[in-house]
1. Report yes if some residue within segment 390-405 is within 25 Å of the chain's Cα centre (by Cα) and of a type in the set (Val, Ile, Thr); otherwise report no.
2. Determine the pairs where a residue that is farther than 12 Å from Arg85 by Cα, located within segment 114-132, has a partner that is in a loop (DSSP other than H, G, I, E, B) and at pLDDT 90 or above with Cβ atoms under 8 Å apart, the partner being 6 or more residues away or on another chain.
3. Which residue pairs have Cβ atoms under 6 Å apart, sit 6 or more places apart or on different chains, and have a first residue in segment 158-175 that is in the same structural domain as Leu53 (by TED's automatic domain parsing) and a second that is basic (Lys, Arg)?
4. Looking at Thr261, Thr255, Thr273, Thr281, which is the one that is over 24 Å from Arg76 (Cα atoms), among the polar types (S, T, N, Q), assigned by TED's automatic domain parsing to the domain that holds His329 and modelled with pLDDT under 95?
5. Among the residues of segment 292-306, which ones are under 29 Å from the mean Cα position of the chain (by Cα) and loosely packed, with under 11 Cβ neighbours inside 10 Å?
6. Of all residues in segment 399-431 being part of a loop (DSSP other than H, G, I, E, B) and hydroxyl-bearing (Ser, Thr, Tyr), which is modelled with the highest pLDDT?
7. From the list Pro165, Pro225, Pro229, Pro253, which residue is surrounded by fewer than 20 Cβ atoms within 10 Å (Cβ to Cβ) and over 25 Å from His289 (Cα atoms)?
Amino acid sequence: MSRIRSALRHFLPGAVNSAKAIIRRFARYGIGDIGNFPVRYQIGHSRRARINLVVPVLSQKNAFGGVATALRFFERLRGRFPMARIIVTQEYGFEFEPHHWKQWLVNQTDNGRRHALEIVFLNGRDKPFDIDDRDFFVGTHWTTAFQIKKWQFECAAQLGITKKPFLYFIQDFEPGFYAWSSEYLLADSTYRPADDILAVFNTRLLHDYFRLRSYHFLDEHHFQPKLNPKLAAVLGDRKEVEKKKLILVYGRPTTARNAFTLLLAGLRHWAMTDPQAAQWTVLSLGETHPPFDLSPSVRLTSAGKLSLDQYAQTLLDAAVGCSLMVSPHPSYPPLEMAAFGATVITNNFENKDLSIYSRNIVSLAEVSPESLSVALSFCCKQMAETMHATIPQLKGLLSAQDQDEFPFVDALANRWLAVSPSSEAVNQHAH
């Protein structure tokens with residue numbers, strides 16, 4: 001053991017210094033999602049372990065479905081730990097809504113004391129926050145995993161302890177968010193080495209994609225997400241719903257994987273060629289953007305990000321949906337639209353073809369303005385015949401509300417503790 005510690009002290013400081021230099025260089029040349037945050041490492045005086053969820057954002061106005069899913073998972077997992085902390089890396093504390101987190105202390109860790117439930121915002125923070133040998137980490141976005149790897153290397157080097165594996169909550173293949181580039185390689189680096197990571201995948205489809213690309217991890221699980229509980233409550237026990245001539249599109253111009261330029265071109269082609277197009281209203285949700293004239297008689301308007309109540313009502317009204325996603329993850333909007341009875345147009349990607357799970361989903365193998373236009377005309381004509389929709393069962397894509405979304409949590413926690421040093425306090429808490 002002493003030889004291992006000596007090797008760690010010899011090798012890791014160099015690796016850590018290199019990582020710090022890389023971070024500074026990335027900040028200089030425009031990779032701004034990676035921060036260099038002050039950290040104080042210490043041997044924990046308490047035998048009480050702490051589970052840490054690291055997320056880029058936390059506020060409801062900035063967080064989308066992936067953060068909500070990560071928080072549901074964290075809520076299940078933190079029952080195995082006596083203390084919990086949420087670390088927010090990109091969002092400023094003033095953007096946060098503290099009334100949703102009344103049991104949690106926010107940014108009150110400067111005195112070195114631990115609290116049972118804490119939230120720490122790192123952006124704009126000049127004082128160090130504490131990490132010790134009793135901290136266990138859950139990464140979400142790749143930039144959070146990058147930080148966790150750095151923190152754990154530094155902690156092992158400075159304290160002379162064995163590095164723990166971390167848990168990676170993977171909700172997309174995130175190197176694909178970029179061109180073949182520095183960012184691509186950095187995001188890919190967070191999936192390695194395999195024996196440092198316990199992986200949890202959002203959907204079997206995404207898990208299968210990683211397997212197809214020969215990624216392997218120390219432990220692997222996947223889950224099928226649930227419909228947001230507030231949306232499910234609005235849907236209730238409805239078997240069918242009356243629809244309006246409303247086309248709902250998922251429009252995020254600044255998110256390349258949602259292919260907004262192609263979506264807009266398809267809508268314009270449809271509006272100019274379909275003689276019934278003027279009968280339909282076209283509404284964009286997701287990100288606020290200017291209106292676009294699709295033809296002299298059809299306009300795309302944007303409502304941006306709605307409250308869940310407003311979103312649920314819009315889902316009830318929409319007869320047709322269109323949501324593109326250039327990645328192996330299904331994404332939530334097409335599933336939510338289909339769950340509310342809309343006929344939804346989306347796209348295939350590698351092993352992903354959502355049409356095999358539901359008649360409500362049209363998944364295009366060839367995506368072009370012309371193919372989108374043809375699909376829109378087909379779906380609008382089909383829905384216009386009755387304007388009533390049957391609520392489908394999206395088995396294989398969404399878990400039922402009465403099902404356990406994360407049935408593997410205990411097995412995963414047991415494996416994590418078994419391969420982690422200093423886990424005695426956690427096991428005592430769990431039992």
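The values are calculated or read from the model by the stated rules, or taken from the named source; none is laboratory data. Predicted model only: the values in this text are computed from it and were never measured. Cβ sites come from the backbone with ideal geometry, for glycine too, and all protein chains shown count toward neighbours.
1. Looking through segment 390-405, none of the residues is within 25 Å of the chain's Cα centre (by Cα) and of a type in the set (Val, Ile, Thr).
2. Between residues of segment 114-132 that are farther than 12 Å from Arg85 by Cα and residues that are in a loop (DSSP other than H, G, I, E, B) and at pLDDT 90 or above, the close pairs are Leu122/Thr89; Asn123/Thr89.
3. Qualifying pairs under 6 Å: Gly160/Arg5.
4. Thr255
5. The answer is none; no residue qualifies.
6. Among residues in segment 399-431 that are part of a loop (DSSP other than H, G, I, E, B) and hydroxyl-bearing (Ser, Thr, Tyr), the one modelled with the highest pLDDT is Ser420.
7. Of the residues listed, the single one that is surrounded by fewer than 20 Cβ atoms within 10 Å (Cβ to Cβ) and over 25 Å from His289 (Cα atoms) is Pro229.
Residues checked against (1) farther than 18 Å from Val249 by Cα; (2) touching a Gly at 6+ places or on another chain (Cβ under 8 Å); (3) buried (at least 17 other Cβ atoms within 10 Å of the Cβ); (4) modelled with pLDDT of 95 or more:
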residue	(1), (2), (3), (4)
Ser363	no, no, yes, yes
Ser373	no, yes, yes, yes
Ser377	no, no, yes, yes
Thr386	yes, no, no, no
Ile391	yes, yes, yes, no
Leu397	yes, no, yes, no
